[in-house]
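The values are calculated or read from the model by the stated rules, or taken from the named source; none is laboratory data. Because the structure is a prediction, the values reported are computed rather than measured. Cβ sites come from the backbone with ideal geometry, for glycine too, and all protein chains shown count toward neighbours. Just the protein is used for accessible areas: all its heavy atoms, side chains included, with ligands, DNA and RNA removed. Shrake-Rupley method; radii C 1.70, N 1.55, O 1.52, S 1.80 Å.
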Amino acid sequence: MRLVLLGPPGAGKGTLANLLKETLGLAHISTGDMLREEIKNNTALGQEAKRFIETGKLVPDELVTRLIRQKISVDPQVKRGYLLDGFPRNKQQAEDLDKILEQIQQPLDYVMYLEATLPVISARLTGRRVCKRCGALFHIKNKPPKKEGVCDRCSGPVYQRPDDKEETIKTRLDVYLKDTAPIIDYYKKQGKLKKLDADQSAEVVQDVLMKILNEEGKHHNS
Ligand code: AP5
């Protein structure tokens with residue numbers, strides 16, 4: 001099964017993908033994580049992407065689409081299906097994705113739109129903390145690490161993403177509304193969009209999503 005998780009920054013795409021990848025046996029493909037990995041490894045692509053990410057702007061389509069094309073068409077780990085998190089992010093990327101998937105004859109099944117309200121998004125982003133080593137997600141209020149600054153899972157250092165500062169969050173939300181929100185309609189027209197209330201707890205959102213898949217006759221590992 002091939003799913004896109006679409007929604008504003010902080011809607012809980014990464015959190016939901018972490019829950020679903022186990023339940024559904026799917027790969028989790030996050031362009032944000034892939035780009036942060038490129039930055040960490042100081043690759044040419046990472047160097048190019050850094051200034052866009054740190055200021056909350058979109059990394060040029062060509063760079064991100066190249067990463068995705070490689071992942072989707074070449075990586076054997078995604079053969080059984082995947083959850084796309086953070087891609088596509090504008091109409092151009094959505095069209096490019098359709099072309100790539102058409103070439104390999106593997107269309108998307110659904111686009112899960114995580115709808116969240118502004119106060120919820122702001123509280124989630126300003127409170128988010130991430131493990132630098134394994135990427136585990138925390139939140140200072142909802143899900144603090146047991147020991148401050150230390151990851152529960154791997155004991156790595158827990159930090160605040162540089163783009164989770166208030167000023168950058170504002171730019172990311174503006175970019176979302178201008179560039180990303182229009183693709184909701186793009187997928188609605190394709191009949192692939194399913195809307196979820198993402199203000200609820202991650203477990204409730206997961207349950208609702210699983211119910212949708214069951215109603216659509218999609219079995220867990222298909
Ligand atoms: P990316 O990493 O994709 O960031 P984003 O889309 O802004 O999404 P976030 O990771 O901020 O939020 P999320 O929805 O995954 O929420 P999370 O689950 O972490 O992209 C970063 C940057 O990379 C972009 O700005 C851009 O520069 C670049 N980029 C990436 N993809 C690109 C592309 N395709 N094209 C161009 N540029 C691209 O949750 C947030 C917090 O809330 C956590 O603390 C979590 O514990 C908590 N939480 C989550 N869900 C719940 C819930 N249901 N209840 C309570 N708490 C919750």
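What the table shows:
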quantity	calculated
Carbon plus sulfur fraction of accessible area for region 89-189, probe 1.4 Å, in percent	51 percent
Region 130-222, relative contact order [Cα under 8 Å, separation at least 6], %	16 percent
Distance from region 84-107 to region 119-145 (C-alpha centre basis), Å	29 Å
In region 31-97, lysine pairs with alpha-carbon atoms under 23 angstrom apart (chain gap of 8 or more, or interchain)	9
Residues of region 55-119: accessible area per residue with a 1.4 Å probe, Å²	52 Å²
Helical mean residue ellipticity (222 nm; -39500 (n - 2.57) per DSSP H run of 4+; nearest 500) of the chain	-14500 deg cm²/dmol
Cβ-Cβ FRET estimate between Asn214 and Leu177, R0 fixed at 45 Å, reported to 0.05	0.90
Length gained when the stretch Lys99-Arg133 is fully extended (0.36 nm per residue, less Cα-Cα span)	8.8 nm
Gyration tensor verdict on the chain (Cα atoms; rounded if a/c is under 1.5, prolate if a/b is larger than b/c, oblate otherwise)	rounded
Between region 146-219 and region 1-59, the alpha-carbon center distance in angstrom	11 Å
FRET E, pair Gln106, Asp61, Förster distance 30 Å, beta-carbon r, rounded to 0.05	0.90
